[in-house]
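Asker: This is the structure I have questions about; it appears just below.
The values are calculated or read from the model by the stated rules, or taken from the named source; none is laboratory data. Since we're looking at a predicted model, the values are computed, not measured. Counting neighbours? That spans all protein chains shown, and the Cβs are built from the backbone with ideal geometry, glycine included. Note: areas computed on protein heavy atoms with side chains; ligands, DNA, RNA excluded. Shrake-Rupley method; radii C 1.70, N 1.55, O 1.52, S 1.80 Å.
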Amino acid sequence: MSMPLVALCADEESLRNPEMLGLGGENLAAQSWLQLFSSAEQARCSLRNDTGIQEVWVASCDEVAPINLAAALKRDRRDRRVCMLSAQESGSLRSRASAAGIDASFTRQAFVERYALCKQIAMSASASAPVQPAFGAPALAGPAGGSAVAPAKGAQPAFAQPAYGGAQPQAQQQAPAQGNSRGFLLPVVSGSGGAGKSAVALLAAYAAQRMGKSTLLLDFDLQFGDMAELAGVQHPLRIDEAIANPERLTGLQPQGNVPALLAAPLHIDAAEAVVAQAPALLETLDGRFDVIVANTGGAWAEQHAVLLERSSKALFLIDQRMSSVNACKRALDLCARCGIAVNPLLFVLNGCGKGAPLSSMDVSCALKGAHVPVLADGGADVEDMLAAHGIEELFDARNELVASIEQLLAEVIPGMQGSQPGEHEGAGLPFLRGKKPRKRRRA
């Protein structure tokens, strides 16, 4: 390799002690593909006319604030990708980064993954093979504030991918969040409230458990989660309790067809403390269950980033309102600007049935050709049975929503065996079996 392809700007102490950047054990100065700068002035002077550097990472600086250096480097060369390492990013910092045209803002984990990927590519690149396409960082000659796309997890980088739409290369689709762990983390998210996240998350967890996977239902709606109430669990173990007393997780086990449940905190003000400890908690849970289905809140916050960065696949629900489609676009724009990986997202249209306002094709067109599977309208039976804790009855009756969730899980989760029609039929509620969905009651 004739010259470095990536530049790292960090203060001298961090460069001497890479563990401060999350790169413990690395000899940064020995990386032939990496050029190091601790001085903002030196970085600008050297990089302004250097066409060999494809990407710049700004972690810190001895002289100026990192956002100022990143903005200056981007202003000097609009055709180069400039990314920031921001462990605790505020709304103000995100706004400034967006206005300056910063291409991505890495969490520490995303930065470490990106470093490892670039190092692997540099080590395996032969002298005859062009390295630039492998990094996936084409010229970005466009207006400031263009979309930024987060790195893929454990796969080729997604930097050249649009924020949404179009089929992604196979290598960029799902990858386990943890190298050797067996858990499949499946968050259920949406761009706004009312899309059906709670019902779909609850039924997906029960479906996965009934389909042979040891499953945990994780209520990550940290302020208003109601999974325990919907599941009819009187005294559930709550996330904040598990963080305070990790030994209590040993008793968290599925029971027959019923998945294990880790409920949301009882008090709203516990959310911030939970988010800070969430990565370690998720790593612990990941090794204990085959599938973890995570419910989320309607208002996007740090907990969404924590889940999406570690997800194997995420169901992004869109309901039958056009406002839900527009909210989806805004959420994706937020992901792009904050450097949150969008590759695991699978857009799913909920409430499909005869006469539904939106079809899968409608939403696919609105999202620039993205693949959009559908979930059937289960009718008022779903609302009635969930209110009466009749989850098993919905499965026994082969409700259309339940059947479509099972089919979706069989397609999404590796090794999942789909149910056959009638497989779960039992005593149930005869008046539900085979009954067509009723129209939902309007408030």
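Asker: Please determine, by comparing only the residues of the stretch 282-335 that are among the charged types (D, E, K, R) and at pLDDT below 90, which one is most open to solvent (accessible area, probe 1.4 Å).
Answerer: Looking at the filtered set, the residue picked out is Glu283.
Asker: Quick one: is Ser404 over 14 Å from Asp319 (Cβ atoms), hydroxyl-bearing (Ser, Thr, Tyr), within 21 Å of the chain's Cα centre (by Cα) and crowded, with 16+ Cβ neighbours inside 10 Å?
Answerer: So Ser404 does not fit the description; no.
Asker: Could you tell me how many of the residues in the stretch 258-281 are surrounded by 14 or more Cβ atoms within 10 Å (Cβ to Cβ) and over 14 Å from Arg238 (Cα atoms)?
Answerer: 3
Asker: If Trp33 satisfies all but one of (1) modelled with pLDDT under 90; (2) touching a helix residue (DSSP H, G or I) at 6+ places or on another chain (Cβ under 8 Å); (3) over 11 Å from Cys9 (Cα atoms); (4) not aliphatic (A, V, I, L, M), what's the number of the condition it fails?
Answerer: Tallying (1) modelled with pLDDT under 90; (2) touching a helix residue (DSSP H, G or I) at 6+ places or on another chain (Cβ under 8 Å); (3) over 11 Å from Cys9 (Cα atoms); (4) not aliphatic (A, V, I, L, M), Trp33 fails exactly one: (1).
Asker: In addition: Only residues in the stretch 223-236 that are at pLDDT below 90 count as the first member; pair them with residues that are open to solvent by 60 Å² or more (accessible area, probe 1.4 Å), Cβ under 6 angstrom, at least 6 apart or cross-chain, and list the lot.
Answerer: From residues that are at pLDDT below 90, the pairs are Gln223/Ile268.
Asker: Counting only residues that are open to solvent by 50 Å² or more (accessible area, probe 1.4 Å) and β-branched (Val, Ile, Thr), how many does the stretch 345-397 have?
Answerer: So the count comes out to 1.
Matching residues to (1) within 25 Å of Asn326 (Cβ to Cβ); (2) assigned to a loop (DSSP other than H, G, I, E, B):
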position	(1), (2)
Pro187	yes, no
Gly193	yes, yes
Ala199	yes, no
Leu203	no, no
Ala207	no, no
Gly212	no, yes
Leu217	no, no
Asp221	yes, yes
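Asker: Here's another thing I want to ask about it. Which one of these does Leu23 not meet: (1) assigned to a loop (DSSP other than H, G, I, E, B); (2) surrounded by fewer than 19 Cβ atoms within 10 Å (Cβ to Cβ)?
Answerer: Unmet for Leu23, out of (1) assigned to a loop (DSSP other than H, G, I, E, B); (2) surrounded by fewer than 19 Cβ atoms within 10 Å (Cβ to Cβ): (2).
Asker: Go through the stretch 240-257 and count every residue that is of a type in the set (Val, Ile, Thr) and either touching a helix residue (DSSP H, G or I) at 6+ places or on another chain (Cβ under 7 Å) or assigned to a loop (DSSP other than H, G, I, E, B) (or both).
Answerer: Result for the stretch 240-257: 1.
Asker: Just wondering, is there one or more residues in the stretch 1-17 that are of a type in the set (Gly, Ala, Ser) and open to solvent by 70 Å² or more (accessible area, probe 1.4 Å)?
Answerer: Yes: one or more hits.
Asker: Which of the helices (runs of 4 or more DSSP H) contained wholly in the stretch 282-397 include at least 3 residues that are in contact (Cβ under 8 Å) with a residue 40 or more places away in the chain and within 20 Å of the chain's Cα centre (by Cα)?
Answerer: 302-310, 322-338
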